[in-house]
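The values are calculated or read from the model by the stated rules, or taken from the named source; none is laboratory data. Quick caveat, the model's predicted, so the values are computed rather than measured. Every residue, glycine among them, receives a Cβ derived from its backbone with ideal geometry; neighbour counts consider all protein chains shown.
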Amino acid sequence: MARHGVRRYASVDALRGLTVAAMLLVNNPGEWAHVWWPLEHAPWHGFTPTDLIFPLFLFIAGVSIALGVAPRATTGHRGALTRTVWVRALRIVGLGLLLHLLAWWWLDKPHYRPWGVLQRIGLCFAIAGSVAIWWRPRAQWCLLGVLLVSYALLLGAGGTLLAGYNAADRLDTALLGPLLYQYDAATGLGHDPEGLLSTLGALASTLLGVRAGDWLCRDRGGRLLAGGVAACALALLWSHWLPWNKHLWTSSYVLWSGGLSMLLLWLAHALIDLRHWPALGRSFGVNAIAAYAGSAVMVYALLALDLWTPAYERGFAGWIAPLAGREAASAAFAVAFVLLWWVIVRWMDRRGWHLKI
């Protein structure tokens with residue numbers, strides 16, 4: 001569907017929606033002490049299905065930039081379009097800061113955490129959107145290459161990738177110290193998976209989405225398949241020297257997750273746009289912010305009112321755990337949480353309510 005000269009792909013909405021649903025699934029187990037390994041991040045180096053979710057969302061954000069922002073970047077409107085991109089990015093960052101404020105206030109967190117998922121999304125959206133508006137495709141590819149190589153060199157110059165001691169963690173600790181996601185006052189070591197320096201890798205994931213989105217809107221779907229295979233092959237090779245690491249968003253991890261994201265986009269495009277399969281997940285996709293932020297507020301409220309554990313124990317663990325174990329009960333609770341929000345966003349979509357910020 002085209003609007004204001006911009007074509008909308010049902011495959012992109014569906015893939016974005018499935019990614020948001022996956023975020024809710026892995027973020028909301030019944031109990032963190034019992035989680036199946038595919039629904040957990042790799043402890044440090046490595047890769048699990050959960051490690052694909054965030055880079056896939058940023059990749060789709062890049063695709064959306066290529067489809068919705070870049071086509072409007074005519075010579076006389078670039079400045080105004082850039083301001084629009086940055087205003088939206090600041091709203092996303094502001095929402096992330098507000099959610100962390102609610103968590104700090106309602107849940108009696110020991111400190112306020114400035115970094116976060118929405119903050120990273122907003123920053124990457126602002127920079128990648130500006131690049132898509134002002135830079136030509138060849139320059140975008142060059143920037144992507146520079147980001148991957150320079151970030152790898154920065155991590156290498158740190159001398160180690162150990163948690164707390166690597167270059168990214170040392171910089172984040174110097175800047176924010178006790179305000180990081182993890183901080184040990186005794187050792188002075190900290191770590192934040194959404195810290196400043198590792199955002200270079202996240203930005204590369206977003207730019208890879210911009211270039212993939214350009215292929216999509218130019219009807220060059222075959223390049224998605226070839227590019228996905230090539231990126232995965234290069235990532236496998238590079239991982240011998242620079243391991244996949246979501247916590248640090250290493251360059252090899254960018255290529256591995258980006259290659260898989262390209263293959264998923266190619267598959268979604270082939271099945272949904274070309275063969276007209278149902279756009280499963282679309283309701284989540286067109287209300288991604290509502291689902292992510294709304295579910296977070298719901299979780300904070302349930303935890304603050306001490307309703308989360310009783311609901312899980314009585315509604316799920318009490319009868320599922322004796323039959324299939326606590327991991328199954330925890331996963332069942334997470335699935336139920338996703339289904340609840342699917343009902344909510346489906347209801348919103350039917351009424352044409354699409355929350356945009």
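Of the residues that sit in the stretch 222-269 and are assigned to a loop (DSSP other than H, G, I, E, B) and without any contact (Cβ under 8 Å) to a residue 40 or more places away in the chain, which one is nearest to residue 19 (Cα to Cα)?
239
Let me confirm something: among 296, 270, which residue is under 25 Å from residue 104 (Cα atoms) and either more than 18 Å from the chain's Cα centre (by Cα) or buried (at least 18 other Cβ atoms within 10 Å of the Cβ) (or both)? Give the steps one after another, and end with the answer.
Working: 270 fails: under 25 Å from residue 104 (Cα atoms).
Result: 296 is the single residue among 296, 270 that is under 25 Å from residue 104 (Cα atoms) and either more than 18 Å from the chain's Cα centre (by Cα) or buried (at least 18 other Cβ atoms within 10 Å of the Cβ) (or both).
Looking at the stretch 42-55, is at least one residue in a helix (DSSP H, G or I), assigned by TED's automatic domain parsing to the domain that holds residue 164, surrounded by fewer than 24 Cβ atoms within 10 Å (Cβ to Cβ) and in contact with a Phe, Trp or Tyr (Cβ under 8 Å, 6 or more places away or on another chain)?
yes
Quick test for you: out of 170, 88, 120, pick the one residue that is touching a Ser or Thr at 6+ places or on another chain (Cβ under 8 Å), surrounded by 12 or more Cβ atoms within 10 Å (Cβ to Cβ), charged (D, E, K, R) and not assigned by TED's automatic domain parsing to the domain that holds residue 307. Break it down stepwise before answering.
Working: 170 fails: touching a Ser or Thr at 6+ places or on another chain (Cβ under 8 Å); 88 fails: touching a Ser or Thr at 6+ places or on another chain (Cβ under 8 Å).
120 is the lone residue from the list that is touching a Ser or Thr at 6+ places or on another chain (Cβ under 8 Å), surrounded by 12 or more Cβ atoms within 10 Å (Cβ to Cβ), charged (D, E, K, R) and not assigned by TED's automatic domain parsing to the domain that holds residue 307.
Residue-wise test of (1) buried (at least 21 other Cβ atoms within 10 Å of the Cβ); (2) assigned to a loop (DSSP other than H, G, I, E, B).
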site: 278; (1), (2): no, yes
site: 283; (1), (2): yes, no
site: 289; (1), (2): no, no
site: 301; (1), (2): no, no
site: 318; (1), (2): no, no
site: 322; (1), (2): no, no
site: 353; (1), (2): no, yes
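How many residues are touching a helix residue (DSSP H, G or I) at 6+ places or on another chain (Cβ under 9 Å) and among the basic types (Lys, Arg) if we restrict to the stretch 295-333?
Going through the stretch 295-333 one residue at a time, the tally reaches 1.
Given the criteria assigned to a helix (DSSP H, G or I), more than 24 Å from residue 133 (Cβ to Cβ) and touching a helix residue (DSSP H, G or I) at 6+ places or on another chain (Cβ under 6 Å), does residue 26 qualify?
Spelling it out, residue 26 is indeed assigned to a helix (DSSP H, G or I), more than 24 Å from residue 133 (Cβ to Cβ) and touching a helix residue (DSSP H, G or I) at 6+ places or on another chain (Cβ under 6 Å).
Select from the stretch 182-208 the residues that are assigned to a loop (DSSP other than H, G, I, E, B) and under 13 Å from the mean Cα position of the chain (by Cα) and write down the one among them that is surrounded by the most Cβ atoms within 10 Å (Cβ to Cβ).
Only one residue fits best here, namely 194.
Can you name the residue in the stretch 124-165 that is touching a residue at least 60 places away in the same chain (Cβ under 8 Å) and in contact with a Ser or Thr (Cβ under 6 Å, 6 or more places away or on another chain) and, of all such residues, is nearest to residue 98 (Cα to Cα)? Break it down stepwise before answering.
Applying the first criterion (touching a residue at least 60 places away in the same chain (Cβ under 8 Å)) to the stretch 124-165 yields 124-125, 127-129, 131-134, 137, 140-141, 143-144, 147-149, 151-152, 155-156, 161, 163.
With the extra rule that they be in contact with a Ser or Thr (Cβ under 6 Å, 6 or more places away or on another chain), the set shrinks to 124, 128, 133, 148, 151-152.
Values: 124: 19, 128: 23, 133: 29, 148: 31, 151: 30, 152: 33 Å.
Going through the qualifying residues, I end up with 124.
Inspect the stretch 209-219 for any residue being in a helix (DSSP H, G or I), within 22 Å of residue 45 (Cα to Cα) and modelled with pLDDT of 95 or more and give the result as yes or no.
Let us first name the residues in the stretch 209-219 that are in a helix (DSSP H, G or I), namely 209-217.
Filter once more, so that each one left must be within 22 Å of residue 45 (Cα to Cα): none.
Checking the stretch 209-219: not a single residue is in a helix (DSSP H, G or I), within 22 Å of residue 45 (Cα to Cα) and modelled with pLDDT of 95 or more.
For residue 81, are the conditions met, namely being among the aliphatic types (A, V, I, L, M), closer than 20 Å to residue 213 by Cα, part of a helix (DSSP H, G or I) and not assigned by TED's automatic domain parsing to the domain that holds residue 7? Outline the logic, then answer.
Details: among the aliphatic types (A, V, I, L, M): yes; closer than 20 Å to residue 213 by Cα: yes; part of a helix (DSSP H, G or I): yes; not assigned by TED's automatic domain parsing to the domain that holds residue 7: yes.
So residue 81 fits the description; yes.
Could you list all residues from the stretch 91-117 that are over 24 Å from residue 206 (Cα atoms) and crowded, with 19+ Cβ neighbours inside 10 Å?
The one that is over 24 Å from residue 206 (Cα atoms) and crowded, with 19+ Cβ neighbours inside 10 Å: 103.
What single numbered condition from (1) under 24 Å from residue 190 (Cα atoms); (2) of a type outside the set (Val, Ile, Thr); (3) modelled with pLDDT under 95; (4) in a helix (DSSP H, G or I) fails to hold for residue 71?
(1)
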